[in-house]
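The values are calculated or read from the model by the stated rules, or taken from the named source; none is laboratory data. In this text the structure is predicted, and so the values were computed from the model without any measurement. Because the Cβ atoms are built from the backbone with ideal geometry, glycine has one as well, and the counts that use them run over all protein chains shown. Surface accessibility is based on the protein's heavy atoms, side chains included, excluding ligands, DNA and RNA. Shrake-Rupley method; radii C 1.70, N 1.55, O 1.52, S 1.80 Å.
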Amino acid sequence: STSTEAALIAGLPAGFRWGVATSAYQIEGAVDADGRTPSIWDTFCRVPGAVHNGENGDVACEHYTRMPDDVALIKDLGLDTYRFSVSWPRVQPRGTGGVNPAGIAFYDRLVDELLASGIDPWVTLYHWDLPQELEDAGGWPARDTAYRFADYSMLVFDALSDRVDTWTTLNEPWCSAMLGYAYGAHAPGKQDFPAAVAAVHHLLLGHGLATERMREAAPRKLDIGITLNAATAYPASDAEPDLEAARRADGMGARLYLDPLVHGRYPADVIADLAAQGAELPVQDGDLATISAPIDVLGINYYFSQQFTGYAEDGRTVGEDGLPISRTLPLNRPRTAMDWEIVPEGFTDLLVRISRDYPGLPMVVTENGAAFDDEPDENGFVADDGRTAYFTAHLAAVASAIEQGADIRGYLAWSLLDNFEWAYGYEKRFGIVRVDYGTQARTPKQSALYLKDLAEQHRRR
Ligand code: GBH
């Protein structure tokens, strides 16, 4: 870590939160326990070729039964905030109807365990595990799913809002819509661009409906928000086609979500780009007022940024489909095990830009982290220098954005545990704690001890 980075991190403001994040399907296992039904991920994992090595979340990190030990781990690391997600098919197995008492009981115990350990519980209501029955009824491309999500949200809210202060509706709606319904890389594995665009709108509508209802029912002042994945889209040059490619990427990746959430309108240029691809946002009267229901906090998940060009390799700017070319060009940076380039300044640029274009909205880093392939020593310890350096550079990037005026309240590392990395299965490890999947032994990595140390130093100032 350079002295500049260390100085920036040392300057993080008082009250800045230090935490760690997970999601239900990636760690819980116990997929048949206590009345849980299949989600779209249980189904998708069974599609040949969908997930690396044909793996699935049946066992994962056995967090469902090891939860008290995992909470103790967070406490030992001295972190003050834990962001977890609630599994919809545990709480409301058919996607409709009343609460499943045995399912919600797990989260009830988790919240109590966290509070007893001095850790703030942050609930994410949806991290990609739609009940399969709702997918069979049309999934996110169907408007009804937005209303189902709001109903489900209230079941969780009614059970936990006496103790939980921070609520996130959706994790990364871009991923649910685009990876799930356009690219087929995530559940439910569809490749239908117009359906994916309808899903974008219905995810945002579901967020708005849930936000309005939680606000209405809030027993006291709560923080309600949403988490988006975002990045900086750099143009490869100042040439018009490159600027245009970067504009399009930023429109689809960031503004398509931020503009309706904050300003109550979809961006006109993105609407036009979608129309050129035969897709349309199925907006009805009043939807945008619902989607822009005020939020208290915006969660940002950041992993890397990319550079875009509007030129094909042969120099053309229009493809065979008649659409403008837009493709990524490497920035020639070191890469993580995901093959993602390490671009910390893209994080600073993103946070500063959001704070300027969407002022008055406090932000929290709800995920940031990296996969690396380091092997453990004979004690299970992983000296993960690459991950430690990644955290240093990205914490410094956050501090630098704060110095430039961005209002960022905390930083949650992804992830507490090595876990089920979606289509990559268990091969890619994002944990600050090593999981031996043979024994389920947990061993904090060097990066966990590093974050523990930073949080401790920060608290002492
Ligand atoms: C997060 O998604 C998830 O919330 C978390 O569950 C997951 O484990 C973690 O990341 C690590 O993957 O090249 O077209 O995909 C982040 C997903 C990956 C979305 C990078 C944006 C870049 C555009 N992000 N992706 S693309």
Fill in the blank from the handout: Residues meeting the amide H criterion for residue 372 (H placed from the backbone, H to H distance under 5 Å, 5 or more places apart or on another chain) are 337, 429
Exercise for the section: Compute the distance in nm between two label points, each set 7 Å from the Cα along the Cα-to-Cβ direction, one at residue 144 and one at residue 314. Expected result: 4.8
Problem - Relative contact order (%) - criterion: Cα under 8 Å, at least six apart; region: the stretch 260-408 - result: 23
Handout entry: Peptides ranked, highest mean first, by Cβ atoms within 10 Å: ranges 368-375, 417-424
Key = 417-424, 368-375
Practice task
Could you tell me the distance between the Cα centroids of the stretch 331-379 and the stretch 258-283, to the nearest Å?
Solution key: 27
Fill in the blank from the handout: Any lysines whose Cα falls less than 19 Å from that of residue 452, other than same-chain ones fewer than 8 residues away, would be 75
Practice task
For residue 239 and residue 284, compute 0.36 nm times the residue count separating them, minus their Cα-Cα distance, and round to one decimal in nm.
Solution key: 12.4 nm
Problem - Rg [Å, one decimal], Dmax [Å, integer] - the stretch 363-456, C-alpha atoms - result: 14.2, 47
Completion exercise
Here D for the stretch 58-217, in µm²/s, from Stokes-Einstein with a Kirkwood Rh over Cα pairs at 25 °C and 0.890 mPa s, works out to 150
Problem - Fraction of accessible area attributable to carbon and sulfur, the stretch 252-353 (%, probe 1.4 Å) - result: 51
Completion exercise
With the 8 Å Cα cutoff and a minimum separation of six or more residues, the chain has a relative contact order in percent of 18
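If you take every DSSP beta bridge whose two residues both sit in the stretch 1-144, what share of them, in percent to the nearest 5, is antiparallel?
On the way: 1 of 9 bridges.
Roughly 10 percent of the beta bridges in the stretch 1-144 run antiparallel, per DSSP.
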Exercise for the section: Compute the distance in nm between two label points, each set 7 Å from the Cα along the Cα-to-Cβ direction, one at residue 108 and one at residue 52. Expected result: 3.8
Exercise for the section: Would you please put 13-19, 136-142 in order of how densely packed they are, using the mean number of other Cβ atoms within 10 angstrom per residue and starting with the highest? Expected result: 136-142, 13-19
Practice task
Using the Karplus curve 6.51 cos²θ - 1.76 cosθ + 1.60 with θ = phi - 60°, work out ³J(HN,Hα) for each residue of the stretch 108-117 in order, rounded to whole Hz, and write x for Gly and Pro.
Solution key: 4, 5, 4, 4, 4, 4, 5, 4, 5, 9
Exercise for the section: Give the Debye-formula value of log10 I(q)/I(0) at each listed q (0.06, 0.10, 0.12 Å⁻¹), with one equal scatterer per alpha carbon of the chain, two decimals each. Expected result: -0.24, -0.70, -1.06
Handout entry: Environment charge of residue 132, counting only residues whose C-beta is closer than 12 Å and scoring Lys/Arg +1, Asp/Glu -1
Key = -2
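Can you list the GluC sites (Glu not before Pro) in the stretch 290-350 that are in a DSSP coil and have 12 or fewer other beta carbons within 10 angstrom? Could you put the intermediate results ahead of the total?
Values: sites: 313, 320, 341, 345; in loops: 313, 320.
Passing sites in the stretch 290-350 are 313, 320.
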Problem - Estimated [θ] at 222 nm from DSSP helical runs (n ≥ 4, -39500 (n - 2.57)) normalised by residues in the chain, nearest 500 - result: -11500 deg cm²/dmol
Completion exercise
Counting only protein heavy atoms and rolling a 1.4 Å probe, one gets per residue an accessible area for the chain in Å² of 37
Problem - DSSP-defined antiparallel bridges as percent of all bridges, the chain, nearest 5 - result: 20
Completion exercise
Scalar couplings 3J(HN,Hα) for the stretch 325-342 by Karplus 6.51 cos²θ - 1.76 cosθ + 1.60 (θ = phi - 60°), nearest whole Hz, x for Gly and Pro, are 5, 8, 9, 8, 10, x, 8, 6, 10, x, 10, 8, 5, 7, 6, 8, 6, 9
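Under 8 Å for C-alpha pairs, at least 6 residues apart: give me the relative contact order for the stretch 150-272, rounded to a whole percent.
On the way: 141 pairs, mean separation 28.7, N = 123.
Relative contact order, the stretch 150-272: 23 percent.
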Completion exercise
For 254-260, 288-294, ranked highest to lowest by mean beta-carbon neighbours within 10 Å, the order is 254-260, 288-294
Exercise for the section: For the stretch 51-136, with all protein chains present and a 1.4 Å probe, just round the carbon and sulfur fraction of the accessible area to a whole percent. Expected result: 48
